[in-house]
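Novice: A single structure is presented below for examination.
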Amino acid sequence: MMRNHEVTDRHPLLKEDGSLREPGWSRKLVQSYDRSKIKAPALRIKEWDYYLVLNEEFAGAFTVSDDGYIGLQSVRILCKYRNFYQGKELDCNITLRQPEMDTMVIATPWKEKKTAFYYNQKINCMSASGSMRYDGKTYTFDPRTDFGTLDWGRGVWTYDNRWYWGSGNCMADGKPFGFNIGYGFGDTRAATENVLIYDGKAHKLDDVTFHIPKGDYMKPWKFTSSDGRFEMDFVPVLDRAAKTAAVIIETDQHQVFGRMSGRAVLDDGKVIEVKDLMCFAEDVHNRY
């Protein structure tokens, strides 16, 4: 099977035995997800929609998920959350606009369990407008400069997993530019999820490595790539950390926001220079 195999034909995601029909990446959701075809107990099925709306000064993260053992209901894009934090109310009315564009879609199996799979779409470069209001202050997004990202995921995981994920968006040479990088989750021999998006088109990358300082997520990171097309420095400003341990369930999450500087190279050789791009990168270890 070739590295970074692109799936282009429309068909069901799963075979009759519950295994992936065609591991690989695609620009759209060309493989159709059908929950009834999954060959696993309901408690092992994980389904989530995660939106991150981010600009230079603030961010909003919104999650609706059913992770089997763990149920998360944060907020949707249009919401009134009456007791968001310490009895204070959060109001949100944000619109994300997705023009006709490529996205990053990946279908990933696990070597050790054929009915385990990860089907995921990451959408970069959605212009963000609207606002959030919390504790007497209003936070407004400008669609000319601000963007949202969607992480849409469905699947059945194995029990113990650690993954790395990073994403960011900005304007570059007058065009929307975004990146999605990550690894560690499942068997990625068919394809990686590393993609650049520029002016609505996907530019596929090979392997990207996160160089995280041992024991301190707030020290500067580096990102390197096997094909030399994503070379970045990352200066953290906030570690959004969370840890949970309850008998068989354990999560240790570090979503680190910071500023990225460096260069990315498109398929045609065009170099995108980024300087102090506000984005995030995360290191997550889950056992559930």
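All of the numbers you see were taken from the coordinates with simple rules; none came from a lab. Keep in mind that what you see is a predicted model, and the values were worked out from it rather than measured. Here the Cβ positions follow ideal geometry from the backbone for every residue, glycine too, while neighbour counts run over all protein chains shown.
Novice: Please identify the longest segment of the chain free of exposed GluC sites (Glu not before Pro), where exposed means a DSSP state other than H, G, I, E or B and no more than 16 other Cβ atoms within 10 Å.
Specialist: 113-288
Novice: Here is a further query. Can you classify the stretch 210-263 as rounded, prolate or oblate using the Cα gyration tensor, where a ≥ b ≥ c are the square roots of its eigenvalues, rounded means a/c under 1.5, and otherwise it's prolate if a/b beats b/c and oblate if not?
Specialist: Prolate, since a/c reaches 1.5 and a/b exceeds b/c.
Novice: Where the centre of each part is set by its Cα atoms, how far does the stretch 88-161 sit from the stretch 248-264, in angstrom?
Specialist: About 15 Å separates the Cα centre of the stretch 88-161 from the one of the stretch 248-264.
Novice: Quick one: compute the contact order of the stretch 52-201, relative version, from alpha carbon pairs under 8 angstrom and 6+ residues apart, as a percent.
Specialist: Here the relative contact order equals 21 percent.
Novice: Could you list, in their original order, any pairs among 39/111; 46/214; 28/114; 137/222; 113/214; 46/201 whose Cα atoms are separated by more than 27 Å?
Specialist: Listed pairs above 27 Å: 46/214; 137/222; 113/214; 46/201.
Novice: Once you have the Cα-Cα distance between residue 9 and residue 160, take 0.36 nm times their residue separation minus that, and quote the gain in nm to one decimal.
Specialist: Length gained, residue 9 through residue 160: 51.2 nm.
Novice: Taking N as the number of residues in the stretch 104-178, what is its Cα Rg relative to 2.2 N^0.38 Å?
Specialist: 1.52
Novice: Given R₀ = 25 Å, what would the calculated FRET efficiency be for residue 187 paired with residue 261, taking r from the Cβ atoms and rounding to 0.05?
Specialist: Approximately 0.15, to the nearest 0.05.
Novice: I would also like to ask the following. Which of the three applies to the chain, rounded, prolate or oblate, going by the alpha-carbon gyration tensor with a ≥ b ≥ c and a/c under 1.5 meaning rounded?
Specialist: rounded
Novice: Give me the net charge of residue 276's neighbourhood, meaning all other residues with Cβ under 15 Å from the Cβ of residue 276; Lys, Arg count +1, Asp, Glu -1.
Specialist: -1
Novice: Would you kindly state how much longer the chain becomes between residue 240 and residue 199 on full extension, computed as 0.36 nm times their sequence separation minus their alpha carbon distance, in nm to one decimal?
Specialist: Difference between extended and current length: 11.7 nm.
Novice: I need the calculated FRET efficiency for the pair residue 218 and residue 65, taking r as the beta carbon distance and R₀ as 30 Å, to the nearest 0.05.
Specialist: Using R0 = 30 Å, I get an efficiency of 0.65.
Novice: Which aspartates and glutamates, if any, have their Cα less than 16 Å from the Cα of residue 219, not counting same-chain residues under 8 positions apart?
Specialist: Here the aspartates and glutamates satisfying the reach criterion relative to residue 219 are 233, 239, 276, 282, 283.
Novice: Relative contact order, percent, of the chain when contacts are C-alpha pairs under 8 Å separated by at least 6 residues?
Specialist: Rounded, it is 15 percent for the chain.
Novice: On a full-extension model of 0.36 nm per residue, what is the gain between residue 39 and residue 227, subtracting their alpha-carbon distance, rounded to one decimal in nm?
Specialist: 64.0 nm
Novice: Below 8 Å between Cα atoms, with a sequence gap of 6+, how large is the relative contact order for the stretch 138-263 in percent?
Specialist: Reported as a whole number, the value is 13 percent.
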